[in-house]
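Chemist: Pasting a structure here, questions to come.
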Amino acid sequence: MFRRFTALLLLLLMTVAAPVAWAGGTLPGCIPGTAPADNPNLGWSTKGLSSDVAQFPVGLDMVEMLRQAGNGDKSKSYAQGYWSSGAKIPVKRLLAPGTRLEKIVPAGSVPSAYTGYWASVEVIDKEKATPKLLADHFALPPSSVAADYDIYEITAKSPVSVFRSPIAPAENTTSCVIEDGGAEQTLVLDRGKFAAPVKVGEIR
């Protein structure tokens, strides 16, 4: 009975989580092409969680937080998108007022007013030490890949819950590139509880 339970548990874990190990490099048998200028992310996709976000308590928390932030009927689909960007089920964390989060963007650009993809200061500090690996570790879509980056920071204005998970691998059938992911992302589902982004650094 115990062996059967263990086998079923392993099978469940394999179906809800994408593989953490992913051979970075190029897609086997892929012939590189060129994405059109109006759709630079053509062929790019993440290989994260494929399970239904609503089947998990933490997933329901994500949906509810998005609903409270004013996303209405789109709350579940938005939560599913955040859910599938991770390689493992997210962990909910409560941040104290004054907690800072950071994001890298191509030099000269600014973070979207709606993006929920951020990282802790510690994660950014660690990753910026190897700038050539940023796109790989953060599994960036082609539109976000650059030679130089600016670092922006947001600060929690009140106690707020966020969700953390390792970034899932990604592949691009146009460029034939495989990105490993693996850096820890912090998902911010209510930007209204944070101050406006402020530029705090550069990666050149």
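Read-outs: derived from the displayed coordinates by stated rules, not from any lab. Note that the coordinates shown come from a computational prediction; the quantities given were computed from them, not determined experimentally. Virtual Cβ from ideal backbone geometry, glycine too; neighbours counted across all protein chains shown.
Chemist: Restricting to segment 34-57, what's the tally of residues that are surrounded by 12 or more Cβ atoms within 10 Å (Cβ to Cβ) and either outside any loop (DSSP other than H, G, I, E, B) or in contact (Cβ under 8 Å) with a residue 60 or more places away in the chain (or both)?
Modeler: 13
Chemist: If you scan segment 143-177, which residues turn out to be among the β-branched types (Val, Ile, Thr), within 24 Å of Ile31 (Cβ to Cβ) and under 16 Å from the mean Cα position of the chain (by Cα)? Explain how you work it out, then say what you get.
Modeler: Let us first name the residues in segment 143-177 that are among the β-branched types (Val, Ile, Thr), namely 145, 151, 154-155, 160, 162, 167, 173-174, 177.
From the residues that got through so far, the ones that are within 24 Å of Ile31 (Cβ to Cβ) too are 145, 173-174, 177.
Hit for segment 143-177 is Val145, nothing else.
Chemist: Of all residues in segment 185-204 being touching a helix residue (DSSP H, G or I) at 6+ places or on another chain (Cβ under 6 Å) and closer than 23 Å to Glu64 by Cβ, which is surrounded by the fewest Cβ atoms within 10 Å (Cβ to Cβ)?
Modeler: Residues of segment 185-204 that are touching a helix residue (DSSP H, G or I) at 6+ places or on another chain (Cβ under 6 Å), as a first pass: 187, 189-190, 203.
Of the ones still in play, those that are also closer than 23 Å to Glu64 by Cβ are 187, 189-190.
Working: Leu187: 21, Leu189: 24, Asp190: 16.
Looking at the filtered set, the residue picked out is Asp190.
Chemist: Looking for something out of contact with any strand residue (DSSP E or B) (no Cβ under 8 Å at 6 or more places or on another chain), of a type in the set (Lys, Arg) and exposed (fewer than 13 other Cβ atoms within 10 Å of the Cβ) - is there at least one such residue anywhere in segment 58-80? Spell out how you get there, then give the answer.
Modeler: Our first condition is that a residue be out of contact with any strand residue (DSSP E or B) (no Cβ under 8 Å at 6 or more places or on another chain); within segment 58-80, this holds for 59-60, 63-64, 66-80.
Then keep just the ones that are of a type in the set (Lys, Arg); that gives 67, 74, 76.
Retained after the next criterion (residues that are exposed (fewer than 13 other Cβ atoms within 10 Å of the Cβ)): 74.
Yes: segment 58-80 contains one or more residues that are out of contact with any strand residue (DSSP E or B) (no Cβ under 8 Å at 6 or more places or on another chain), of a type in the set (Lys, Arg) and exposed (fewer than 13 other Cβ atoms within 10 Å of the Cβ).
Chemist: Now for a separate question. Residues Lys92, Lys103, Lys126: which one is surrounded by fewer than 20 Cβ atoms within 10 Å (Cβ to Cβ), closer than 26 Å to Pro142 by Cβ and under 19 Å from the mean Cα position of the chain (by Cα)? Give the derivation first.
Modeler: Numbers: Lys92 fails: closer than 26 Å to Pro142 by Cβ; Lys103 fails: surrounded by fewer than 20 Cβ atoms within 10 Å (Cβ to Cβ).
Of Lys92, Lys103, Lys126, the one residue that is surrounded by fewer than 20 Cβ atoms within 10 Å (Cβ to Cβ), closer than 26 Å to Pro142 by Cβ and under 19 Å from the mean Cα position of the chain (by Cα) is Lys126.
Chemist: While we're here: Can you find a residue in segment 162-175 that is under 30 Å from Gly72 (Cα atoms), surrounded by 19 or more Cβ atoms within 10 Å (Cβ to Cβ) and of a type in the set (Val, Ile, Thr)?
Modeler: Checked segment 162-175: at least one residue is under 30 Å from Gly72 (Cα atoms), surrounded by 19 or more Cβ atoms within 10 Å (Cβ to Cβ) and of a type in the set (Val, Ile, Thr).
Chemist: Something else now. Quickly run through segment 66-94 and pick out the residues that are of a type outside the set (D, E, K, R) and outside any helix (DSSP H, G or I).
Modeler: Just the residues of segment 66-94 that are of a type outside the set (D, E, K, R), to begin with: 66, 68-72, 75, 77-87, 89-91, 94.
Correct list: Ser85, Gly86, Ala87, Ile89, Pro90, Val91, Leu94.
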